[in-house]
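A.B. asks: Would you mind keeping the following structure in view while I ask a few things?
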Amino acid sequence: MQAIVLVGGEGTRLRPLTYGTPKPMVPIMGVPFLARTMERLYAAGIRDVILPAGYMPQAIMDYFGDGSQLNMKITYVIEDVPLGTAGALKNVEQHIHGRFFVLNGDVLTSMNLRGMIAAHEKKGGIGMLHLIRVEDPSAFGCVVHDAEGRISSFVEKPPRETAPTNEINAGTYLFEREILDFIPAGRNVSIERETFPQVIAAGKDLFAYTTDDYWMDLGKPEQYLGAHVDILEGRMPMLDIEPGVPYFAEANVAIDPTAKIGPNVVLGSGTRVGARAVIRSSVLWDHVTVGEGAVIDEAIVASRVRIGSEAVVGKGSVIGHDAVVDDGQVLQPGARLGATEPIKR
Ligand code: GDD
Ligand code: MG
């Protein structure tokens, strides 16, 4: 079976991080998120992956190459202009040979893909959508279905008061190749706003696969941080991570013994933390330098950032690649610091 991982989005809600790193390459516990997704696909027996990309594709291609190091085959199809979540599928039609998975490239979940294949084989139909229940469905696609799971309507990002259900599209689909016949070629098409409603209107069976697995869309800073807290506290299982430690440090990290780190901190490789620094609930990427007495709370700090001595990084701040926080500088809560456009490589 093949899988298509949608990796063409610009990651606007994660700026300035995504001015330096495309969203699929943003690290989760030190590993590019897409690499973790590839591992998951591999474990489900999938060896053939198609990546419709467009935003900073070179960073993805440099890391994965043709996939042979993962014992997989990776095909890249670059969109000159974004084609949308369905247009991207139509654009790779010639590479699709049969039944296929589609994954939103920013969804962290423990859902078992083999279980979904078995469920689809039992139900039949043109496709199956993984659903999850959430408190507030207004930021997602709401999916209404009957007791057998047959989907009757799909409403993308409804206002909270009008949301018909709290079961939402969790961003993993399993389709028969026939779904491609419903997508027009050569223009931007949204699978959520156009294709799903059309497929349902045509009387084709789309089934729901609702689970209560761990699930998080990593598209916003608070979700990205929240996912790390969930991994460190053991709610999202990850094979290479032992939950319960105050912080997780990669290779070549130097921490002054008087620094206070934790809970729920990730320190990327080559990071240095000075005396008396305090870091709580934050994710630092590689080669970050934290000066003496600096305080960092609930922040995301990208590669090679330098945080000066006695600087304060307020809660919810996001600091982009190579930025410098001066000695003694105080960043207000929710600050954004760093590039204001994609960084040329
Ligand atoms: N190739 C390509 N081309 N990929 C794209 C494009 C495009 O034009 N636009 C978006 N993508 C990719 C993004 O990179 C991401 O991996 C995925 O498609 C979904 O886009 P998001 O921008 O993250 O969508 P969302 O989070 O607002 O909503 C989607 O995901 C929710 C679950 O996380 C929808 O599918 C919702 O219905 C769903 O509930
Ligand atoms: Mg998303």
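A.B. asks: Where both partners of a DSSP beta bridge lie in region 2-213, what percent of those bridges are antiparallel, to the nearest 5?
C.D. replies: Looking only at bridges with both residues in region 2-213, the antiparallel portion is about 50 percent.
A.B. asks: Please report, in debye to the nearest 20, how large the charge dipole of region 186-345 is about its Cα centre when each Lys and Arg carries +1 at its beta carbon and each Asp and Glu carries -1 there. Walk me through the intermediate numbers first.
C.D. replies: Working: 15 positive and 22 negative charges, 89 e Å.
Its charge dipole is roughly 420 debye.
A.B. asks: Is there a pair in K90/K157; K23/K204; K73/K220 whose C-alpha atoms are over 26 Å apart, and which pairs would that be?
C.D. replies: K23/K204; K73/K220
A.B. asks: Please list, or write none, the aspartates and glutamates whose alpha carbon is within less than 15 Å of the alpha carbon of K123, excluding same-chain residues fewer than 8 places away.
C.D. replies: In chain and number order, the partners are D146, E148, E176, D205.
A.B. asks: Convert each backbone phi in region 178-191 into a coupling constant with the Karplus relation 6.51 cos²θ - 1.76 cosθ + 1.60 (shift: θ = phi - 60°), then list the ³J(HN,Hα) values in order as whole Hz, x for Gly and Pro.
C.D. replies: Taking θ as phi minus 60°, the curve returns 4, 4, 4, 5, 8, 10, x, 8, x, 8, 6, 10, 8, 5 Hz for region 178-191.
A.B. asks: Among L14, Y42, P57, whose Cα projects farthest towards the positive end of the dipole of the chain, with charges put on the beta-carbon of Lys, Arg (+1) and Asp, Glu (-1)?
C.D. replies: Of L14, Y42, P57, it is P57.
A.B. asks: Give me a comma-separated list of calculated 3J(HN,Hα) values for region 41-58, in order, Karplus coefficients 6.51, -1.76, 1.60 applied at θ = phi - 60°, integers in Hz, x for any Gly or Pro.
C.D. replies: 5, 4, 4, 8, x, 8, 10, 10, 10, 10, 10, x, 10, x, 9, 6, x, 4
A.B. asks: Taking 8 Å as the Cα distance limit and 6 or more residues as the minimum spacing, I'd like the relative contact order of region 2-213 as a percentage.
C.D. replies: 23 percent
A.B. asks: Moving to a separate point now. If I take R0 = 56 Å and measure r between the Cβ atoms of D66 and K315 in this structure, what FRET efficiency does the formula 1/(1 + (r/R0)^6) give, to the nearest 0.05?
C.D. replies: Details: r = 42 Å, r/R0 = 0.76.
After rounding, the FRET efficiency stands at 0.85.
A.B. asks: Let me ask you something else. How large is the accessible surface per residue of the chain, computed with a 1.4 Å probe and reported in Å² as a whole number? Walk me through the intermediate numbers first.
C.D. replies: Values: 14660 Å² over 345 residues.
Accessible area per residue: 42 Å².
A.B. asks: Can you run the Rg to Rh ratio on region 241-337? Use alpha carbon positions and the Kirkwood inverse-distance Rh.
C.D. replies: With Rg and the Kirkwood Rh in hand, the quotient comes to 0.93.
A.B. asks: Here's a follow-up. Report, ordered by chain and residue number, the aspartates and glutamates lying within cross-link reach of K260, taken as a straight Cα distance under 12 Å and ignoring same-chain residues fewer than 8 apart.
C.D. replies: Excluding near neighbours in sequence, the set is E292, D297.
A.B. asks: Same structure again: Based on the Cα gyration tensor of region 92-215, what are the three equivalent ellipsoid semi-axes, each the root of five times an eigenvalue, rounded to whole Å and given largest first?
C.D. replies: 21, 18, 14
A.B. asks: Using a 1.4 Å probe on the protein heavy atoms, what percent of the accessible area of region 2-213 belongs to carbon and sulfur?
C.D. replies: Working: 4060 of 8540 Å².
Answer for region 2-213: carbon and sulfur cover 47 percent of the accessible area.
A.B. asks: To continue, here is another question. Whose amide H sits under 5 Å from the amide H of V330, counting only residues 5 or more places off or on another chain, with H placed in the peptide plane?
C.D. replies: It is V312, by chain and number.
A.B. asks: Quantify how much of the Cα-Cα distance distribution of region 2-213 extends past 28 Å, in percent.
C.D. replies: The calculated P(r) of region 2-213 puts 25 percent of pairs beyond 28 Å.
The values are calculated or read from the model by the stated rules, or taken from the named source; none is laboratory data. In this text the structure is predicted, and so the values were computed from the model without any measurement. Cβ: placed from backbone, ideal geometry, glycine included. Neighbour counts: every protein chain shown. Just so you know, the surface numbers come from the protein's heavy atoms only, side chains and all, with ligands and any DNA or RNA stripped out. Shrake-Rupley method; radii C 1.70, N 1.55, O 1.52, S 1.80 Å.
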